[in-house]
Every structure is written in structure tokens, then in C-alpha cells.
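Undergrad: Below you will find the structure I want to go over with you.
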Amino acid sequence: MRGAYGLGGPLTRSFLAASPKGRGGFLTAAARQRELSLLVIMLVLSAIVFVRAPQFLSAANLSQVTILAAIIGVAAVGEALVVLTRNVDLSVDSIIGLVAYSVADILKLHALALPQAIAFGIGLGLVLGVVNGAIVAVLRVPAIVATLGTLSIYRGMAYLIAGGGQISLSDLPPEYIALARISFLGIPLFVIMAIVIAVTTGLFLKQARFGRQVYAVGSNPEAAAILGIRSRLVVFVVFAACGLLAGVAGVLWGARFGTITAGAADGAVLQIVAAVVVGGVNIFGGSGTVLGAALGALFLGLIANALTLLRLSQFWLQAIYGAVILVAVAADAVIVRRMLRASVERRQR
């Protein structure tokens, strides 16, 4: 399409820019406020836990917390891309588990050198993400149904490959395990990788045309179609990207834990989705940032660690993740309703 309605036309540019007075600007401002709130809450939480457990702020403890949060954060960045388009990927933890076991198995058998095995794991995640994207975008199966199915399929593949066995730390090359211990200027390598991925993805979403199309599809799919945006292609690509980043998270998971079973990362999807929504990504699509999703992963990681140090039941974690999702979704729903009501009142005036 060309002219005013083409991808380079003024209507397209105005729509994709998401005026501060419009839905995108309003919800983006709310998301940024939630990110700032998260930082404040994390500082308060750290101070409270430090009083009861001084080791909470020790360098060794913070290093372990941030390493695990970085792995979840990488996967959350991919999940955020999907959620921005009004979809969800429930298979992300199964992809992490399948990749983690596959890479560890390859290294145990010495089938590939470490760099090639890592590349294989990331490529496997990409392929699984492409499958999800094809089912949702091409076959037009609702994302929640499609990824609920592939969640079981991918996990079943992991159990089939494992055959009831597990891979021990001693079976893996030392250089692979050492990846989780490398740090630069006191910052773990995994944390640096997560920051680079979150910042790069965030800049891409903000600056690139495709990134603005992701927000446009999530904000108003019908208007995006009128403006000539290929919504199904956008959805396909974000699912593929989510799979790729889940593959990266799977490689990191194997290096962090060493002992890998077919059930690796089982249930992590709840934490990943919770990190996305608590980080300010609107579950209804169209607003939020991947940096917020990464902060959400760190926030939930601090909570999990605090429960451990305070000797509280870890069963509270699942309840907390569920409550976080419910509160965040309810908050988004209230914001959207208020925004729509304000928009109607402005038009009436």
C-alpha cells in the first residue's frame, strides 16, 4: 500500500509513533512507572531482608541470584516480544529444558566441540520457535492452544531423548561449566549477556520499523492491517525470536546447573510470564518494554532468594508468581478501561 496508508505514509508514521495522548503513549508511561516502582520495591525488599539475613547482600549471594535471574531474564525478553503482539508462548520452559538436555548430551558424547554445541542449542531453540510461529501465524491456531500443545510435545521429546537418565556435572567439559563462573569487573558473564540482549532488543523495538510494527500489531491489529502491516509475519517472527532466546536460556541453564534431567526448567514458564507482566508489559499487547521484563525477572529472583534465606516455605513461590500475574493483569485492565473512558469523554466534548 502507498500514499497516506502505506508503510511510509503519514498515517502509518503517526500510528506507529503512538502519540503520548494515545493508547500507546498512555500505557507506555504506565509501564515505565511500573519499572520505576519495581526498582523502589527491590531496594526496600533488600533493606528489609538484610536486617533479618545480612548475607542477602553479600557478593556471593547476589552473584548467584543475578545469574539465575539473568537466565530467566533472557527467556522473559523473548516472551515479552510475543506478549507485545497479544499472544503468549507457554512452551518456553519446555524449549529451555529440551535445549539444555540436548546440548549437555552432545557434550557428554563428545559429538561436537563446545562452540558448535552451543550454536546447535541456540539453533534448536530457533527451530522450535519457528514451529510455534508457523502453527499460530500460518495455521491460525490460537497461541495459548498451540503452545500448550507444543509445551507437552517438546517436553515429551526431552524425556524420549533422556530415556529416564540424567547427565551429571562430571559428564560435562569443565569449560562449559566455567561459563557460569566467569565475571568481568565483578559482574557475572550471564548478567552481562542478559543486559546486552535486553538493551539491544529494546533499542531494536524502539528504533527499527519492524519494532514499531510489533507494538502496532499489539495495539490495534485491525488498524495495523489497514495500514498494510503484515501482522501474521510479525507474529511469526516474534515467536521465532522467542524460541531463539529460549535456546540461549537453555544453554545457560545447562552451564549453571550442570546436572541435567529431562525435566529441566519444568514450571519455569510461570516465573517467565510473571516477570513479563510485573515488568510492565501489557498482557493485552501494544505497550511495555523488554527492559521491564528483565527487571521483573530480577525482582522475582530476589523474592525467591529472600524466602530461602528467611527459611520460609518455597511453596509460597508458586502462589506469589500467580498473585503477581493476577495483580498485573488486573492493573492493566483498569488502566485500559480508564484510558478508553477518558478517550470517549474527550470525543464527546
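The values are calculated or read from the model by the stated rules, or taken from the named source; none is laboratory data. Nothing here was measured: the structure is a model prediction, and the numbers come from that model. Positions of Cβ are backbone-derived with ideal geometry, glycine not excepted, and every protein chain shown enters the neighbour counts. The protein model used for the area step is the full one, side chains on, heavy atoms only, and it has no ligands, DNA or RNA in it. Shrake-Rupley method; radii C 1.70, N 1.55, O 1.52, S 1.80 Å.
Undergrad: Run the numbers on segment 204-330 and let me know its relative contact order in percent, using alpha-carbon pairs under 8 Å that are six or more apart.
TA: Relative contact order comes out at 22 percent.
Undergrad: With an 8 Å cut-off on Cα pairs and a minimum separation of 6 or more residues, tell me the relative contact order of segment 78-226 in percent. Spell out each step's value before the answer.
TA: Working: 108 pairs, mean separation 44.8, N = 149.
Contact order relative to length: 30 percent.
Undergrad: Relative contact order, percent, of the chain when contacts are C-alpha pairs under 8 Å separated by at least 6 residues?
TA: Details: 577 pairs, mean separation 114.7, N = 349.
Once normalised by length, the contact order is 33 percent.
Undergrad: Can you give the accessible area per residue of segment 50-97, in Å², using a 1.4 Å probe? Kindly include the intermediate steps, with their values, before the conclusion.
TA: Details: 1440 Å² over 48 residues.
Dividing the accessible area of segment 50-97 by its residue count gives 30 Å².
Undergrad: May I ask for the Rg/Rh ratio of segment 44-190, computed from Cα atoms with Rh as the Kirkwood radius, given to two decimals?
TA: Values: Rg = 18.3 Å, Rh = 17.6 Å.
Ratio of gyration radius to Kirkwood radius for segment 44-190: 1.04.
Undergrad: Modelling each spin label as a point 7 Å along the Cα-to-Cβ direction, I'd like the LEU185/ARG52 distance in nm, to one decimal.
TA: 3.4 nm
Undergrad: Working from Cα positions, state the angle (0 to 90°, nearest 10) between the long axis of helix 92-109 and the longest principal axis of the chain.
TA: It works out to around 30 degrees.
Undergrad: Please give the helix 268-278 orientation as an angle from the longest Cα principal axis of the chain, in degrees from 0 to 90, rounded to the nearest 10.
TA: 40 degrees
Undergrad: Can you give the direction-averaged projected area of the convex hull of the alpha-carbon atoms in segment 275-349, in nm²? Numbers along the way, then the final one.
TA: Working: hull surface 22.4 nm².
Answer in nm², one decimal: 5.6.
Undergrad: Out of [x] 21.2; [y] 17.8; [z] 19.0, which label holds the value of mean projected area of the Cα convex hull in nm² that was computed here?
TA: Recomputing mean projected area of the Cα convex hull in nm² here picks out [z].
Undergrad: Would you please state which residues of segment 69-101 a label at ILE195 would reach in this model, taking the label point 7 Å out along Cα→Cβ and a backbone N cut-off of under 16 Å?
TA: Residues passing the 16 Å test: 69-71, 73-74.
Undergrad: So if the hydrodynamic radius of segment 174-317 is defined as the Kirkwood radius over C-alpha pairs, what does Stokes-Einstein give as its diffusion coefficient at 25 °C and 0.890 mPa s, in µm² per second? Walk me through the numbers on the way to the answer.
TA: Working: Rh = 17.3 Å.
Approximately 142 µm²/s, per Stokes-Einstein.
Undergrad: Taking the Cα centre of each part, how many Å lie between segment 111-149 and segment 310-349?
TA: 30 Å
Undergrad: By how many degrees, 0 to 90 and rounded to 10, does the Cα axis of helix 189-207 deviate from the longest principal axis of the chain?
TA: So the helix axis and the longest Cα principal axis differ by about 10 degrees.
Undergrad: More than 19 Å apart: what percent of Cα pairs in segment 211-279 qualify? Don't skip to the end; give the middle numbers.
TA: Numbers: 1225 of 2346 pairs.
Summing the P(r) of segment 211-279 above 19 Å gives 52 percent of all pairs.
Undergrad: Å³ per residue of the Cα convex hull, for segment 122-165? Intermediate values should be presented prior to the final figure.
TA: Values: hull volume 2.9 nm³, N = 44.
Taking the convex hull of the Cα positions in segment 122-165, it is 66 Å³ per residue.
Undergrad: Under Stokes-Einstein, with the Kirkwood radius over Cα pairs standing in for Rh, what whole-number D in µm²/s applies to segment 135-200 at 37 °C and 0.692 mPa s?
TA: Details: Rh = 15.7 Å.
Translational D for this selection: 208 µm²/s.
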